[in-house]
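The values are calculated or read from the model by the stated rules, or taken from the named source; none is laboratory data. Predicted model only: the values in this text are computed from it and were never measured. Here the Cβ positions follow ideal geometry from the backbone for every residue, glycine too, while neighbour counts run over all protein chains shown. In case anyone asks, the SASA skips ligands and DNA or RNA and just uses the protein heavy atoms, side chains included. Shrake-Rupley method; radii C 1.70, N 1.55, O 1.52, S 1.80 Å.
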Amino acid sequence: MPDNSRLQMESTELLRTLIRNACVNSGDPASGQEVRTVDALEDYFAGSGLGCERYEAAPGRTSLITRIEGRDPSAPTLLLMGHTDVVPVSPAGWQRDPFGAEIDDGIVWGRGAADMLNITATMAVAMRHLVLDGFRPRGTLIYLAAADEEAFGTYGVRYLMERHPEAIKTDYVVTEGGGVPVPTRSGLKYSLAVGEKGCNWRRLIVRGTPGHGSLPYGSDNALVTAAEVVRRIATYRPRTTILDVWRRYVASLEVEPSLAAGLVDPERVLETASRMEVRGFARLAHACTHTTFSPNIAHGGQKVNVVPDRVELDIDIRALPGVSPKDVDAMLADAMGDLGARVEVEAPCADEGSISSFETPLADALSRATAALVPGSQVVPRMMAGATDARYFRWKGVTAYGFALHSPRIPHSEYSLMYHGTNERVDVESLGLTARLWDALCRDLLG
Ligand SMILES: [Zn+2]
């Protein structure tokens, strides 16, 4: 059995190292440089008996795999997966140095503290302690520290899937996306991310006719057309869909019956969610019951005295599981109406959503481990609005979840502000709990 204070201490120190490594992924292929964190992890594993495999998809874009081989080749395999890159910061809103990894009153501050270096670090610590403890599981246990999650996994999981599928062949995956407790009447509810929406980015090229800016009357101004296209997309109301996973999540919140009924009624979900006091709940409810359209970038015009003939609009569309990229294009055409004829649509990204069943041995094992570590708590399924590397596995039929085990010290409503936002932080108790969770999960599921 693990020494709990050691797990917590090592997780904290390893997390601080990973934060300081600042593997910032801007989307530029030369950014990230996750090799720094691969070096740190290899140093951490040194002497434990774990062998490390390195996979370099491009210079500095390295991922690391280590494994404890199972005794029984027919037993299921579990992959613990963390990413090592982080998104850039806007330092202005931070109360601490985003890459200083300061620790104050039991809280570690820094970019990646919650997304998701905390999990990457605690998984590594659990791996090392399991092997030092002589753990010889029935099924194989794999640890993957993946590069480039924050830019589609091109140099991380997608590269491994395409070039080294045997290295990450598994039955079960656990990664980021859940584990923040929500207090309810009957105790803490820990959400397990069982699925996520499909990322669909569309570039709309709006054309017009160039002319002199001093003679605008009757001109065919691409910017004016684009403004109307943006307005139509922003006000488009796609169909409301109540998925089973949303229904179950709402039931787990134990809110009063009239609210609970409203939250699963397609006609009333948004109005009901707006009455909930929890910050950000209406946005979550909207995202979990709709395919969403967010016009986020506009480029157009060249000179103030020239009527523009071309404007590019980038729309971030997130499709519910079951909504195909073709369905997305049909909805977009519906939103634009007659203006669609004047718009050329490109699809830089057209992904299906993905969802795993909640009725699996992995969910059962996570639920048992959680109930043992946080008595009275319960694990409940939830869908994520954002995307993670889990999708690559779900598309192949592998059960993949996002989870961790946070203490209630940082209120759950704070987390949505921290992911890709400011003042990202985690308490050390959560790090200890999460490391113990992985230890208990591996012993339970792989035996
Ligand atoms: Zn992440």
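Overview of values
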{"quantity": "Mean Cα-pair separation over length for region 306-435, i.e. relative contact order, pairs under 8 Å, 6 or more apart, %", "calculated": "19"}
{"quantity": "Positive minus negative residues near Gly153 (Lys, Arg vs Asp, Glu; Cβ under 11 Å)", "calculated": "-3"}
{"quantity": "Gaussian network model of the chain, springs between alpha carbon atoms under 10 Å - residue of Leu223, Leu362, Leu253 with greatest fluctuation", "calculated": "Leu223"}
{"quantity": "Unit charges at the beta carbon, dipole of the chain: most positive-side option, Val264, Gly447, Ser90", "calculated": "Val264"}
{"quantity": "Residues Asp97 and Leu259, FRET efficiency given R0 of 41 Å [Cβ-Cβ distance, rounded to 0.05]", "calculated": "0.50"}
{"quantity": "Extreme residue, positive dipole direction of the chain, given options Leu188, Leu160, Pro137 (C-beta unit charges)", "calculated": "Leu188"}
{"quantity": "Fraction of beta bridges assigned by DSSP in the chain that are antiparallel (%, nearest 5)", "calculated": "70"}
{"quantity": "Low-density loop cleavage sites - trypsin sites (Lys or Arg not before Pro) in region 148-196, where at most 11 other Cβ are within 10 Å (DSSP)", "calculated": "Arg185"}
{"quantity": "FRET efficiency for Tyr236 and Ser5, using Cβ-Cβ distance with R0 set to 51 Å, rounded to 0.05", "calculated": "0.45"}
{"quantity": "GNM flexibility winner over the chain from Ala390, Ala341, Ala114 (Cα, springs under 10 Å)", "calculated": "Ala341"}
{"quantity": "Sites Ser48 and Glu277 - FRET efficiency at Förster radius 60 Å, r taken between beta-carbons, to 0.05", "calculated": "0.80"}
{"quantity": "Full-extension gain in nm, Glu359 to Glu312, via 0.36 nm per residue minus C-alpha separation", "calculated": "12.5 nm"}
{"quantity": "Partners for Lys169 among lysines (Cα-Cα distance below 27 Å; same-chain residues under 8 apart left out)", "calculated": "Lys197, Lys396"}
{"quantity": "Degrees between helix 117-132 axis and first principal axis of the chain (Cα, 0 to 90, nearest 10)", "calculated": "20"}
{"quantity": "Signed unit charges on C-beta, dipole axis of the chain, positive-most listed residue Val379, Leu78, Asn21", "calculated": "Val379"}
{"quantity": "Size of charge dipole - the chain - debye, nearest 20, with Cβ of Lys, Arg +1 and Asp, Glu -1, no other charges", "calculated": "540"}
{"quantity": "Loop sites in region 1-80: trypsin sites (Lys or Arg not before Pro), DSSP, at most 13 other Cβ within 10 Å", "calculated": "Arg71"}
{"quantity": "Between 0 and 90°, nearest 10: helix 428-446 axis offset from the chain longest Cα axis", "calculated": "70"}
{"quantity": "Within the accessible area of the chain (1.4 Å probe), percent carbon and sulfur", "calculated": "52"}
{"quantity": "Solvent-accessible surface ranking, highest first, for Ile315, Ile297 at 1.4 angstrom", "calculated": "Ile297, Ile315"}
{"quantity": "Contact order relative to length of the chain, as percent, for alpha carbon pairs under 8 angstrom and 6 or more apart", "calculated": "25"}
{"quantity": "Loop-resident sites, region 216-301, for GluC sites (Glu not before Pro), counting at most 10 other Cβ within 10 Å (DSSP)", "calculated": "Glu267, Glu277"}
{"quantity": "Rounded tilt (10° steps) of 325-336 against the dominant C-alpha axis of the chain", "calculated": "40"}
{"quantity": "From phi via Karplus (6.51, -1.76, 1.60), per-residue ³J(HN,Hα) for region 61-75 in Hz, x at Gly/Pro", "calculated": "9, 9, 10, 10, 10, 9, 8, 10, 5, x, 7, 10, x, 8, 7"}
